[in-house]
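The values are calculated or read from the model by the stated rules, or taken from the named source; none is laboratory data. Not measured: the values here are computed from a predicted model. We place every Cβ from the backbone using ideal geometry, glycine too, and count neighbours over all the protein chains shown. Quick note on the areas: whole protein, heavy atoms, side chains included, nothing else; ligands and nucleic acids left out. Shrake-Rupley method; radii C 1.70, N 1.55, O 1.52, S 1.80 Å.
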Amino acid sequence: MSDDHKPAPHPDPRRAPRPASHRAPWRDHWAVLPAMASAESPAATAATERTARRVAPSPLEPGTSRDPYRTYRVLREEFPLTHDPLLRAWVLSRYADVAGALTDARFAHGHRPGDPPCAETHTDVDEGELRAVAERTAFVLARRIADRRQADLVADFCHWLPAGTVAAAIGVPYRDMMRLVRGRAASALAGQCTGQIAVREKALAGFLADVLTDPDLVVALRDAPSGLVARAWTESLRREPPVQIVVRRTRGEVEVSGGTIPSGAPVALLIGAAGRDPERFRDPDRHDFLRDDPGQLTYGSGYCPAVTLAALEAEYALRALFATMPRLRLADGFHPERTGLITRAPRSLVVRPGG
């Protein structure tokens, strides 16, 4: 490069100008800087995460639905209370805060099947009859697909079983049962929990996906007693809840981890984040239906037909599928993927009934 094209040196106000003959040769200072870390390197990843975490991530950010649990972990660890402009709500992600808000009277506008009001509403439901209709409906549906070369358990089984059990319980003919998915007749059994039929579909699909993707779990649950199936059901609801986010509103100021939520504010409770809180569950990302610290937040702990039916449907789904299709397995090359942000479940579960 000729002298005419060399950039002029930057003046240094701390020094008096030096004669041109004493100026150092021009150097490209960018050339002597350390090389930037590769975008895939651990150093680059750590630096990016440190920069990103100055602002709380949102569950609604693009791409989060593929793996929301990474975002949940950041929120739990670094932003236990934050306001999310995308959700337009304050966000709680730690188990203690979420579990408390679900039943605390200072949070209004919400109800889960199994919450205290259910016990007061449902007083004349015959649990033995619920068990009978769940078993009968599950076996009817299983026999319909047992001879197929391939089937989708979400479309052909999970979508029908929750509506079918309600239909059978209240005496609606089998051919009419799908009108109960959004129909009023189900209120005779489930009251304000009627809308949970859709949640039971998603929960059942997720449970069957958990079982069928784990050969050891298939062996353990094939002829398992009811209590063991119930533990596997609870673990599925904890690790991959069908309802990921529920919204409540504060009646007054509420103290939580990380600060105070103002009165009258909408609050997003991250059920999916709370279910993997290491302060509550050991090794929370691992599916362990024999864990000694079980728990889930999809349903409350009180009595409710919707909660009872959900558990019975999970139990008799396994019994019916394994009894009518002993060689049942996932189709070659198929791996169930959960999708969704507010609710989350596999959209399909492609199986080979005959192995």
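With label points built 7 Å along Cα→Cβ from the Cα atoms of R286 and S301, find their separation and express it in nm. Distance between the two pseudo-spin positions: 2.5 nm.
Database remark: amide H of V254 closer than 5 angstrom to the amide H of I261 (H placed geometrically; neighbours at sequence offset of 5 or more, or on other chains; Pro and chain starts carry no H).
A protection proxy built from the mean count of other Cβ atoms within 10 Å ranks the segments 133-139, 299-305, most packed first, as 133-139, 299-305.
Label-to-label distance for R329 and L341 is 3.8 nm, based on points extended 7 Å past Cα in the beta-carbon direction.
One decimal place: the segment R222-D293 gains 23.2 nm when fully extended, by the rule 0.36 nm per residue minus the C-alpha distance. Our estimate of slack between R88 and D67, defined as 0.36 nm per intervening residue step minus the Cα-Cα distance, is 5.4 nm. Across the protein chains, with a 1.4 Å probe defining accessible surface, the residues Y69, Y95 rank Y95, Y69 from largest area downward. Sorted on the mean count of surrounding Cβ atoms within 10 Å across their residues, most packed first, peptides 109-117, 224-232 read 109-117, 224-232. On full extension, the segment bounded by R149 and D104 gains 11.2 nm, given 0.36 nm per residue less the C-alpha separation.
Backbone amide hydrogens, once placed in the peptide plane, bring A89 within less than 5 Å of D84, excluding anything fewer than 5 places away on its chain. Segment 309-355: which trypsin sites (Lys or Arg not before Pro) are DSSP loop and have at most 11 other beta-carbon atoms within 10 angstrom? Sites meeting the loop and neighbour criteria: R327.
Sorting F79, F281 on solvent-accessible area from highest to lowest, probe radius 1.4 Å, gives F79, F281. In this calculation the C-beta distance from R249 to T213 is compared with R0 = 51 Å, giving a FRET efficiency of 0.85. The phi-based Karplus calculation (6.51 cos²θ - 1.76 cosθ + 1.60; θ = phi - 60°) puts the 3J(HN,Hα) values of segment 292-303 at 9, 10, x, x, 7, 10, 5, 10, x, 8, x, 6 Hz, whole numbers, x for Gly and Pro. Largest accessible area first, the residues W90, W233 order themselves as W90, W233 under a 1.4 Å probe with ligands, DNA and RNA left out. Under a 5 Å amide H cut-off, with hydrogens placed 1.01 Å from N, V246 pairs with L269, I271 among residues at least 5 apart or on other chains.
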